[in-house]
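Below: the structure, in structure tokens.
Derivation of every value follows stated rules applied to the coordinates shown; laboratory data play no part. Predicted model, so just to flag it, every value in this text is computed and none were measured. Cβ: placed from backbone, ideal geometry, glycine included. Neighbour counts: every protein chain shown.
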Ligand code: SIN
């Protein structure tokens, strides 16, 4: 197995593995180490059946339900993410870490590319270890004691729109979870920033108005190009990323074309 780094920060293509065959323990260890080292890894030309894809994902832990979509027939943990030729909205087109509003957010998200547009539809990734590492010592010590409330309802950045959405949703139960703003990766022991612009509502114990200026500063850091890697999909690319230390953004720049991905999420530990 060979890892080809894709940027100075994150991302590697792994070559030399056929994921339709079951991996030996040694191969799995090597792959998992590359995953921890590069945070986002991908494999080209993996023509996996749903069963093979499911089995591969199970090697990493317990598969997790996605709250907002049903799975495929017979494969409840494989969710089909589709944008059709006539749709303009797309799934995940904002910087985020998946399902941060759950008590046990997924450590891993996998996507298997079934159909991709002739161009566009790339996914961007940001290295949240690097974002954290480059903050000043003063800001790191301010963030160290903070927790944030992460909500399942999409949080608009604009305060007026937020108030409107909130009043429309009032009375509905809303899924949310409180997690540390800086989390310690349970396998690497490294620290990563863990707030995101679409799920993080506010710091615990502070109003949204008080929280926003600092949150906005942190979100700006996430978008800096030096922390990012851009994955260009091909049919049958299988990618997996570490939600504990990355964020991602699905580019919605391919109107008129169909994009179909099969997605699996693997449950993680409670963020500490
Ligand atoms: C996601 O946000 O999980 C999906 C990303 C993508 O479709 O590229």
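I need to check one value: relative contact order of segment 2-267, counting alpha carbon pairs closer than 8 Å and at least 6 residues apart, in percent.
Once divided by the residue count of segment 2-267, the mean separation gives 37 percent.
FRET efficiency for residue 1 and residue 206, Cβ-Cβ distance as r, R0 = 41 Å, nearest 0.05?
Between residue 1 and residue 206 the formula returns 0.30.
Multiply the residue separation of residue 251 and residue 52 by 0.36 nm, subtract the distance between their alpha-carbon atoms, and state the gained length in nm to one decimal.
68.9 nm
Please compute the length gained on full extension between residue 140 and residue 59, using 0.36 nm multiplied by the number of residues separating them and subtracting their Cα-Cα distance.
The span from residue 140 to residue 59 would gain 25.7 nm if fully extended.
Taking Cα pairs under 8 Å and at least six residues apart, what relative contact order does segment 45-144 come out at, in percent?
Relative CO of segment 45-144 lands at 14 percent.
Mind checking the angle between helix 208-222 and the chain's longest principal axis? C-alpha axes, 0 to 90 degrees, to the nearest 10.
40 degrees
Simple spin-label model, 7 Å along Cα-to-Cβ: residue 93 to residue 33 in nm?
4.1 nm
Report the paramagnetic label zone for residue 115: residues of segment 222-243 whose backbone N is under 15 Å from a point 7 Å from Cα along the Cα-to-Cβ axis.
Residues 235-236 qualify, since their backbone N sits under 15 Å from the label point.
With runs of 4+ DSSP H residues as the only contributors, calculate the mean residue ellipticity of the chain at 222 nm using -39,500 (n - 2.57) per run, divided by the residue total and rounded to the nearest 500.
Rounded to the nearest 500, the figure is -7000 deg cm²/dmol.
What whole number of Å gives the distance from the Cα centroid of segment 32-97 to the Cα centroid of segment 204-238?
Segment 204-238 and segment 32-97 have Cα centres separated by 20 Å.
Hey, how much of the P(r) for the chain falls beyond 35 Å, as a percent of Cα pairs?
Value for the chain: 14 percent of Cα pairs lie more than 35 Å apart.
With each label point set 7 Å from Cα along the Cα-Cβ vector, what nm distance links residue 234 and residue 175?
The answer from the label model is 3.5 nm.
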